[in-house]
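The values are calculated or read from the model by the stated rules, or taken from the named source; none is laboratory data. What you see is a predicted model; the values in this text were computed from it and never measured. Backbone-built Cβ (ideal geometry, glycine too); neighbour counts: all protein chains shown. Keep in mind that these areas ignore ligands, DNA and RNA; they rest on the heavy atoms of the full protein, side chains included. Shrake-Rupley method; radii C 1.70, N 1.55, O 1.52, S 1.80 Å.
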Amino acid sequence: MDAASQIALPAPLGAARVVRPIFALGAPLVGFYLIQNVVSIATVAMLGRLGNAAIAGAGVSGALYTATCALLWGIDTGVQAAVARTTGAGRKDRVADILAAAHAGAIPLAAILGAALWAIGPRLVAIMLPDRLAAAAGGAWIVLAAPSIVLLAATLPINAVWIGSGRPALAMAVTAFSAPLQIALTLLFVLGAGPVRGSGIAGAAVAMDVTMLAGVFVQFVLAFRFVPGFLRVRPRPPRIAEIAAIGWPISTQQSLLQVALMGVFAIVGQLGAAAAAIVNVLLTLTAVAVVTETALGVAAATLVGQALGRGEVAEARAWGWRTTAVAVALTAPMGLVLVLAPHALLAPFLRDPATLSAAILPGRIAGLATVVGGASVVLGFAFRGAGATKIAAAVPFVSLWLIQLPLMAWIGLTLGQGLTGIIAVQAGVSALDAVALGFIWAGPWWTRVRIDTGAAVAALPSRLRRIAVLGGGGAGKSTLARRLGEALGLPVVHLDRLVYGPGWVRRDAEALRAGLLPAFERDAWIVEGTYAEASALTLPAADLVLWLDQPVWLRLFRSWRKTVIHRRRPRPDRPDGCEERFGWAYVRLVLEFGAWSPALAARLEALAGDRLRRLRGDAEARAFLLEIAARP
């Protein structure tokens, strides 16, 4: 059971078979996000009639609102990853359980966030916007928008269920219902019509609140229809913890991303309200491409998650590359339009001629950033679908906070390159993100996923005389086997001593069987080690099969530690005449083999059946030993 046995190459697919699943999921999502984008464009166009101060205030307050909501987005990611994995594993009956846990975590958090934003939001807007008129407009919007965060927390997990289960059309249908309503209400409350007097930027916040309330009602009706057990399942703390464990890196990264966007507005705000207005308009225009990339990225996350749920690691990797290629091909022309015709796109939003003229060159550079940035967006979502949210969060965090923001302040303000220099930095960092994420996606680390698909835990048999202990290098197999041997009075067999002779010369299968024969004759043994030729003998005969699953960083540390502590010293689990060196070959072995995956579970279950038990981390290993000690 070596590392190579976990990897299988996917069958080649024709172009139609590649594109069809991507668009089956992505097309409704593109519609979903583009409809939302139409609402944003219409809102900015209406506010444009009120002047630069209204647009600048809306941009800064919107960034602050989004930064607060981003703390909930990890829950959305966790739900989608869990639902996609359980759907791929054929466990759709667990969706209501996932949804109950998500709501139990999201809604209380949203209530706290909304109250905090209502209390301090206007002060933060004033800090970021020196222009008093712009700060007053943004503060008015944020106070009225803050309560809607609770409504968002109610709908985000349900949308994630539609997407993760492969039914994004339901998410698009809700948006198709709510978008015209919000545009109509925004027009009515912002500019006024008939007996209704326009309230300016505050009216846009009220329109959003009313629309989101209607969206909650529709989402709940759909959930009752398509999620058996919705609101009839109690949230389980372990499931809440699982979703939080998957999602917190994304919540943190996305919130910090939005805080960084606030930092960008703060830097740009030093250049005046006109520069802030230009940035808000450019964000709105390039969002057409970004939401397309996001939609295809969400499709990639679902395809990757479902492939992993079926145990197809190589197929999951391939879907990441395929969806990235499709996204770049679709969105590059959108960026080129802004490069070639910036005046035509910017003029409907920027009514002041001087402001429009200043926006032309930054607009061209923003278009180029759109051309190169699609890959980073899609690959980031592919990592989320794999459950590798720490990778998806770490790369943008490092590039944004350690590179982009310092360079923007230095080039834009200190060197005096203004808005053009600031946008150029953003374009360069976007390309850097794409290269970094592509390099990591090509490697093996992200495939080490830890999402529970509902596999049962093997109960201890009444007769416990034969135990097989498996796991990757550095997992602690030898230690666990020795402690089990002491507790049960069973002899322990370390396979390394049977498989290898002096100098790490590998023995043949006959020698291995001969070494196992004494233990098999006694019909009482604990066999420790992970070798395919031995597992074919021990797993079918074992009363209990244990897989010790440890995080890769801990296995790496323990592997290094034992090579240092036991250097030139005998060890009961190591063959005589064999020294271990902690080099690249050893590191590669630990990285590539030892983590739990659906494919591994399927192979082990084929040999061990319901006698398989997975021990996750030291805590479960200790609890298992206590369970053994408590047996009569």
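Structure above, values below:
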| quantity | calculated |
| --- | --- |
| Net +/- balance of residues flanking A100 in space, Cβ distance below 11 Å, scoring K and R +1, D and E -1 | +4 |
| Protection-proxy order for peptides 367-376, 614-623, 73-82, 290-299, each taking the mean of Cβ atoms within 10 Å per residue, highest first | 73-82, 290-299, 367-376, 614-623 |
| Size-normalised alpha-carbon gyration radius of the chain, reference 2.2 N^0.38 Å | 1.11 |
| Protection proxy ranking of 185-191, 415-421, 174-180 - average other beta-carbon atoms within 10 Å, highest first | 185-191, 174-180, 415-421 |
| The chain: calculated mean residue ellipticity at 222 nm from DSSP helix runs of at least 4, using -39500 (n - 2.57) | -24000 deg cm²/dmol |
| 5 Å-binned pair-distance histogram of region 293-448 (Cα, whole percent) | 2, 10, 16, 17, 16, 14, 10, 7, 4, 2, 1, 0 |
| Region 474-574 - Rg over Rh from alpha carbon coordinates, Kirkwood radius | 0.96 |
| Percent of Cα pairs exceeding the 24 Å cut-off, where the set is region 194-294 | 58 |
| Kirkwood Rh and Cα Rg combined as Rg over Rh, evaluated for region 97-201 | 1.07 |
| Potential lengthening between A354 and R234 on full extension [0.36 nm per residue; Cα-Cα distance subtracted] | 37.3 nm |
| Projected area, mean over directions - region 120-168, Cα convex hull, nm² | 4.5 |
| Share antiparallel - DSSP beta bridges, the chain, percent rounded to 5 | 20 |
| Whole-percent carbon and sulfur share, accessible surface of region 178-232, 1.4 Å | 72 |
| Compactness of region 221-362 - radius of gyration and Dmax, Cα, Å | 21.1, 59 |
| Cα-based equivalent ellipsoid of region 149-258: semi-axis lengths in Å, sorted from largest, via gyration tensor | 31, 18, 12 |
| Largest to smallest principal axis extent of the C-alpha atoms in region 326-372, angstrom | 38, 16, 13 |
| Rg in Å to one decimal, and Dmax rounded to a whole Å, for region 291-353 via C-alpha atoms | 17.5, 58 |
| Accessible area (Å², per residue) of the chain, counting only protein heavy atoms and a probe of 1.4 Å | 41 |
| Burial ranking of peptide ranges 54-60, 395-401, 272-278 (average Cβ count within 10 Å, highest at the top) | 54-60, 272-278, 395-401 |
